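Presented below is the structure to which this report refers.
The values are calculated or read from the model by the stated rules, or taken from the named source; none is laboratory data. None of the values given here were measured: they were computed from a predicted structure. Here Cβ is always computed from backbone atoms with ideal geometry, including for glycine, and neighbour counts include all displayed protein chains. Side chains included, ligands, DNA and RNA excluded: accessible areas come from the protein's heavy atoms. Shrake-Rupley method; radii C 1.70, N 1.55, O 1.52, S 1.80 Å.
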Amino acid sequence: MFPETAAIHAGYEADPFTRAVAVPIYQTVSYGFDSAEHASALFNLEVEGHRYGRISNPTTSVLERRIAVLEGGREAVCVSSGQAAMYFAVMNLVEPGRNIVSVPQLYGTTHTLFSHMLPNSGVTTRFAENGSPEAVSAQINADTRAIYCETVGNPAGNITDIGAIAEIAHSHHIPLVVDNTVATPILCRPIEYGADIVVHSLTKFLGGHGTILGGAVVDAGNFAWEDEAERFPMFNLPDPSYHGLIYHQHFGRGAYLGRLRSVYLRTIGATLAPLSAFLLLQGIETVAVRVDRHVENAGQVARFLRDDPRVAWVNYAGFGDSPYFPLAQRYLGGRVPSLLTFGVAGGYEAGVRFYDALKLIRRVVNLGDSKSLACHPASTTHRQMSTQEQLSAGIMPETIRLSIGIEHIDDIIEDLDQALTAAFSSTTLDTSVEAVP
Ligand SMILES: *Cc1c(COP(=O)(O)O)cnc(C)c1O
């Protein structure tokens, strides 16, 4: 199935009991057991079935199968937010004293998770300056257990050379984890380029309407955990927290997500609500047509801004002079996501005036909504970072991040135009600033 078709059909045929064509919402916490013997077989993972709503739910299972198919993965586990997905995905690979290597161009909260939260569990993050394959390679040492990147960095808009980084990861016998939130499987399927684990915030383009939080971890099923018993003992030695289960023995190539569900989802419980799973399935049905319009509108906005003298710079990988243009051709087929950043001429002050003057475009920190959205990262999503950290994440003080929606393009451009006019009316602002990110 092509992604357009999988988005509508994968993972569900018809409810066996009612023949309902839409996926039913199984709004239940518990599932009945036939007998004590049946219950213990379920808890021993000897038979398949649902036990308790924190661990699994039939509505969520459909969403998990659909996302796995969309990404070309073996299977997926859904959780309550993107952040829970990132946290579980990484913690499932590391023990105290180990490290991960990450590109620095990350979603702000992921950066905080890696630089401040993981060290509390004895796990450090070695950031590869500028995110190039060479910089990633230089940060790997004997204790590295995973490499982490975003297909398209939020908000830097950089495009990661996933194929080159996957090769480096595999030459060190460690997996590559890729956050594919901004690209979506409609524009890029990282597993095709060697990614082992794909993580998502479903909150953005996949849900698509700014109404539901959710996250997913997808396993390609390609990494041979059994060949790396010393590096990844968690999949190869008995787990005392699960009556001595050996995940690789039990789940085979499904060991990674088998453990993620049995250990992290079960004991920490960042569980996706069944109603959220249903709403996310609704959103995913239209993701391919929405992304088409997002991409088309963003290209028009990027060109409008580039040609306007009131704008100092535009960072958009669809421009031939962008350093990411070749990678956009290779990994996105030249179709750049509707996330772009720019700086108003006149720097920080004019940028704030522009931001405050927006009428149609909403001032929020979200992205991937059908509505056009604008964010000022330095004061919001990346507020917790030092100026130096902000710069290495690709953020200047005046940077405005746009997530271009699917409204009529003329209405979007009219709003940008009037806000630029407002930014420069009745002022003697210095427009000579020519910052380049
Ligand atoms: C939003 C986002 C996240 C976090 O997802 P939540 O669902 O808000 O927890 C992680 N990574 C990227 C790239 C994001 O855009």
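What ranking of M117, M91, M1 comes out by heavy-atom accessible area, probe 1.4 Å, highest first?
M1, M117, M91
Go through 198-207, 243-252 and give me the packing order, highest mean Cβ count within 10 Å leading.
198-207, 243-252
Quick one: if the Förster radius is 30 Å, what FRET efficiency do T18 and V364 give, using the C-beta to C-beta distance and rounding to 0.05? Working shown, then result.
Values: r = 39 Å, r/R0 = 1.29.
It comes to 0.20.
Label region 105-193 by shape, choosing from rounded, prolate and oblate, from the square roots a ≥ b ≥ c of the eigenvalues of the Cα gyration tensor; if a/c is under 1.5 it is rounded, and otherwise prolate applies when a/b is larger than b/c, oblate when it is not.
oblate
Kindly state, to the nearest 0.05, the FRET efficiency for H116 paired with I55, given R0 = 30 Å and r defined as their beta-carbon distance.
0.55
With the full set of protein chains in place, find how many percent of the accessible area of the chain is carbon and sulfur; take the probe as 1.4 Å. Don't skip to the answer; put the middle values down first.
Working: 9280 of 17770 Å².
After summing per-atom areas, the C and S share lands at 52 percent.
So how far apart, in nm, are the two label points at A36 and Q388 if each is 7 Å from Cα heading toward Cβ?
Each label point lies 7 Å from its Cα, and together they span 6.3 nm.
Out of the DSSP beta bridges found with both residues in the chain, what percent are antiparallel (nearest 5)?
60 percent
Restricting everything to alpha-carbon atoms, can you work out Rg to Rh for region 206-283 with a Kirkwood hydrodynamic radius?
Rounded to two decimals, Rg/Rh equals 1.09.
Over the residues of the chain, compute the C-alpha Rg and express it relative to 2.2 N^0.38 Å.
Scaled against compact globular proteins, the figure is 1.01.
Return, ordered by residue number, the residues of region 277-298 whose backbone nitrogen is under 14 Å from a label point located 7 Å along Cα→Cβ of H209.
277-287, 290
Please build a GNM for the chain, connecting alpha carbons under 10 Å apart, and tell me which residue among T59, T381, T267 fluctuates the most.
It is T267.
Classify region 1-129: rounded, prolate or oblate, from the alpha-carbon gyration tensor (a ≥ b ≥ c, eigenvalue square roots; a/c under 1.5 rounded; otherwise prolate if a/b is larger than b/c)?
Working: a/c = 2.86, a/b = 1.57, b/c = 1.82.
It comes out oblate by the Cα gyration axes.
Starting from the 7 Å offset along Cα-to-Cβ, what nm value, one decimal, do you get for the label separation of N130 and V29?
Distance between label points: 5.4 nm.
Out of every Cα pair in region 229-320, what percent are spaced more than 18 Å from each other?
Here the long-distance tail beyond 18 Å is 68 percent of all Cα pairs in region 229-320.
Tell me, what is the percent relative contact order of region 3-282, built from C-alpha pairs under 8 Å that lie six or more residues apart? Write down the numbers at each step before the final one.
Values: 541 pairs, mean separation 62.2, N = 280.
The normalised contact order for region 3-282 reaches 22 percent.
Select from E71, E134, E296 the residue whose mean-square fluctuation is largest in a Gaussian network model of the chain (Cα-Cα springs shorter than 10 Å).
E134
H173 to Q249: extension gain in nm, 0.36 nm per residue of separation minus the Cα-Cα distance?
Values: separation 76, 0.36 × 76 = 27.36 nm, distance 1.99 nm.
Separation in residues times 0.36 nm, less the Cα-Cα distance, equals 25.4 nm.
Dividing the alpha-carbon radius of gyration of region 341-427 by 2.2 N^0.38 Å (N being the number of residues), what value is obtained? Before the final figure, lay out the partial values.
Working: Rg = 13.0 Å, N = 87, 2.2 N^0.38 = 12.0 Å.
It is 1.08.
Would you mind getting the accessible area per residue of the chain, heavy atoms of the protein chains only, 1.4 Å probe, in Å²?
With all protein chains present, the chain gives 41 Å² per residue.
Of all alpha-carbon pairs in region 254-391, indicate the percentage at a distance above 26 angstrom. Intermediate values should be presented prior to the final figure.
On the way: 4163 of 9453 pairs.
When every Cα pair of region 254-391 is considered, 44 percent fall beyond 26 Å.
Please say if region 168-261 is rounded, prolate or oblate, where rounded means a/c under 1.5 for a ≥ b ≥ c the square roots of the C-alpha gyration tensor eigenvalues, and otherwise the choice is prolate for a/b larger than b/c and oblate otherwise?
oblate
Take D34, D179 and sort them by solvent-accessible surface of the protein heavy atoms, 1.4 Å probe, largest at the top.
D34, D179
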